[in-house]
Amino acid sequence: MVKTKVILLCSGKGIRAGFSLPKQFMHLNDYPVIYYLINTLLNCNFETDIYIVILKEYESIIQNILTKFIPDEKIKKINIVIGDDTRQRSIKKANLYLNNEIIDDNDQIFVIDGVRPLVTTKLLEDMNNLNKKHSVIGCYTDCVSTILVKENDFLQNSLVRKTLAASHTPQIFKYKIFKTMYDTININDLDNETECLNIALKYCNEKAYLYKTDQEQVMKITYKKDLIIAENIIKTRDKKIVLITGGSKGIGKEMARKLSNLDYHIIICSRTEGELINTANELNIDYYVCDISNNTAVDEMFLYIITKYNRLDILINNAALSHTIQNIEEIDQKTMLDIFNTNLFGSIYCIQYAMKYMKLQNKGIIITVGSSGIKDGREGQSIYLSSKSALKTLSECISLEGKPFNVFSYYIVPRRTDTEMRNKMYPNEDKTSLLNKNDIINNIMFIITENIPNLTGSTFWIK
């Protein structure tokens, strides 16, 4: 069976860019630049071992990044190699490291710069498959600038643009070729050559197959401005997948409206099919008819979401039932069971499946909507508020379980709000003192958009 090894080059110092740390350690949307490539590699459809080539002085930094952002069971696939002061010397160090492992001549060796955070699994998988046919593959983009040849600050001639290409990593080699390249490379090339494909041509007479890709996904972080550009690309390229329970009306519906207008992929669920379909059609969003108090139905809903979208980024636990204002001895057993089965157990079922998939993808947000009545209690709401109070503890517990996997949990506690549910509970209430739905929605939007992992487990009291 052909194995894939990845040499992830992180041995630069970031001097050209003027960063205080090497570029691969700078943060991009709250994650180190290097994290994006590692995470992409770990999610490819081929098994891989990763060899991060780093200068000795930065070894502790990369170890801290791996501990903080990569799940323990995946860290075993990652090795640290101490690099050198030039690109080719660093790759040669990786080759020497690989010499100590059992590798077949037909195994595949990726070489990738650790400062290309927008590389996709598809590009890596395509190149991995092509390497079964071609011994050396490099990716390129068309040359869009006019290239001048100069001497002593004077123009000598210009090059024909259509015959030129800009070379990028990822690059991939059969191990037999790669080993020969770096077993025989001379000192001059170790110090001065920057193009690995040229080394394959020079030492192995292997012409690289050039695979065209788009500029965006091979973008390299070189200067500070590149971080800003990459951050905007990530935000607009990856539409987040959001499930809102109880999304056919009230806060759930308005939350779906807000997020769909911001170009999120929204799935709303409810047990009331007609109302759900009407809302989905009105907002032009996806829906799934589901009674979340039924664990089997929740299982099927999540299977639908993962099959269709391949992930879930955000779960908003909003669905809830209430009861009329009654003293506890007046509340019948069916009402109690219905409320706990939906408000508590329904949320638990959704969280169980969300956590399962979010841990696999190593990211996610879970937001649970509660009630301010949990603080001091309210007469006539014992069962409803008991179910909501349990959700607060649940949110705090899963924040601890999810944090190592970058899955964050938040509990939203709005005070009295003008909703259909509350109007049924208090039909004669003066609505001028109530919160507007937008007060709650704006707080949820803050959690979703501001990246606040340090606040996971927190309760947000909306007054």
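The values are calculated or read from the model by the stated rules, or taken from the named source; none is laboratory data. Because the structure is predicted, anything quoted here is derived from the model rather than measured. Note: ideal-geometry Cβ built from the backbone for every residue, glycine included; neighbour counts use all protein chains shown.
Tabulated values for the structure
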quantity: Thr222 being under 19 Å from Asn131 (Cα atoms) and in contact (Cβ under 8 Å) with a residue 40 or more places away in the chain; calculated: no
quantity: Set Ile91, Ile103: member being in a loop (DSSP other than H, G, I, E, B) and touching a residue at least 40 places away in the same chain (Cβ under 8 Å); calculated: Ile103
quantity: Residue count for region 78-103, restricted to those that are over 18 Å from Glu57 (Cβ atoms) and out of contact with any Phe, Trp or Tyr (no Cβ under 7 Å at 6 or more places or on another chain); calculated: 8
quantity: Total residues in region 324-351, condition in a helix (DSSP H, G or I) and without any contact (Cβ under 8 Å) to a residue 40 or more places away in the chain; calculated: 5
quantity: Test for Thr194: is it loosely packed, with under 15 Cβ neighbours inside 10 Å, modelled with pLDDT of 95 or more and assigned by TED's automatic domain parsing to the domain that holds Ser20; calculated: no
quantity: Scope region 168-218; condition aliphatic (A, V, I, L, M) and either in contact with a strand residue (DSSP E or B) (Cβ under 9 Å, 6 or more places away or on another chain) or without any contact (Cβ under 8 Å) to a residue 60 or more places away in the chain (or both); matching residues; calculated: Ile172, Ile177, Met181, Ile187, Leu197, Ala200, Leu201, Ala208, Leu210, Val218
quantity: All positions within region 268-285 that are charged (D, E, K, R) and within 17 Å of Ala319 (Cα to Cα); calculated: Arg271, Glu273, Glu275
quantity: Residues (under 21 Å from Ile331 (Cα atoms) and outside any helix (DSSP H, G or I)) located in region 371-387; calculated: Ser371, Asp376, Gly377, Arg378, Glu379, Gly380, Gln381
quantity: Residue within region 77-86 that is more than 22 Å from Lys13 (Cα to Cα), in contact (Cβ under 8 Å) with a residue 24 or more places away in the chain and loosely packed, with under 14 Cβ neighbours inside 10 Å present; calculated: no
quantity: Residue match in region 126-139 (condition: touching a residue at least 24 places away in the same chain (Cβ under 8 Å), surrounded by 20 or more Cβ atoms within 10 Å (Cβ to Cβ), touching a His at 6+ places or on another chain (Cβ under 8 Å) and closer than 30 Å to Asn43 by Cα); calculated: yes
quantity: Search result, residues across region 201-240 that are at pLDDT below 95 and either of a type in the set (A, V, I, L, M) or touching a Pro at 6+ places or on another chain (Cβ under 7 Å) (or both); calculated: Val218, Met219, Ile221, Leu227, Ile228, Ile229, Ala230, Ile233, Ile234
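Table: residues versus (1) at pLDDT below 95; (2) within 24 Å of Asp291 (Cβ to Cβ); (3) among the hydrophobic types (A, V, I, L, M, F, W, C).
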position: Asn327; (1), (2), (3): yes, no, no
position: Ile331; (1), (2), (3): yes, yes, yes
position: Met336; (1), (2), (3): yes, yes, yes
position: Ser347; (1), (2), (3): no, yes, no
position: Ala354; (1), (2), (3): no, yes, yes
position: Gln361; (1), (2), (3): yes, no, no
